[in-house]
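The values are calculated or read from the model by the stated rules, or taken from the named source; none is laboratory data. Predicted model, so just to flag it, every value in this text is computed and none were measured. Note that each Cβ is placed from the backbone with ideal geometry, even for glycine, and that neighbours are counted across all protein chains shown.
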Amino acid sequence: MSEPLSPTRCTTMAEVRAGVDALDRQLVAMLATRFGYMDAAARIKPERAMVRDETRKAAVIANARAEAERLGAPADRIAALWETLVESSIAHELERFDASRS
C-alpha cells in the first residue's frame, strides 16, 4: 500500500479519504497503546481513589491544547477531544482496577 498524500497535495476526495483512513489506523494503534498504559496504571496504583487525579487530568489536557496551538491546529476542539479521551481512560482504568481486585 502506498503512502497517502499530505493534505495539501490532495486533489480528490478519494485521496482525502485514503489519507483519513490511513491516519485513523495509526490513531487507533496509538490509542490501544495508551489504554495499555491505563492497564499498567490500574495494576500499579495501590488505591482506587488514586485513579482519578484531577491535577494530572488538567495537565494532560493543557499539554494537548499547547501542542495543538504550536501546530496551528484547532486548540479548543483538540482540548475537548482530550477531555473525552481522559475521561474514557479513567473509566477504563477504574474497570481494570476493580477487576484486578475482585
- [ ] Return the residue satisfying two criteria in turn: it lies in the range 1-49 and is of a type in the set (Gly, Ala, Ser) and more than 23 Å from ALA73 (Cβ to Cβ), and of such residues it is modelled with the lowest pLDDT.
- [x] SER2
Open item on the list: Based on this model, can you work out whether ARG9 counts as of a type in the set (Lys, Arg) and surrounded by 10 or more Cβ atoms within 10 Å (Cβ to Cβ)?
Closed with: no
- [ ] Run down ARG43, ARG65 and say which single residue is closer than 24 Å to ASP98 by Cα, part of a helix (DSSP H, G or I) and not aliphatic (A, V, I, L, M).
- [x] ARG43
Task: Pairs where the first residue, in the range 34-45, is of a type in the set (A, V, I, L, M) and the second is surrounded by 12 or more Cβ atoms within 10 Å (Cβ to Cβ) and not in a helix (DSSP H, G or I), C-beta under 8 Å, 6+ apart - done: ALA41/VAL51; ALA42/VAL51
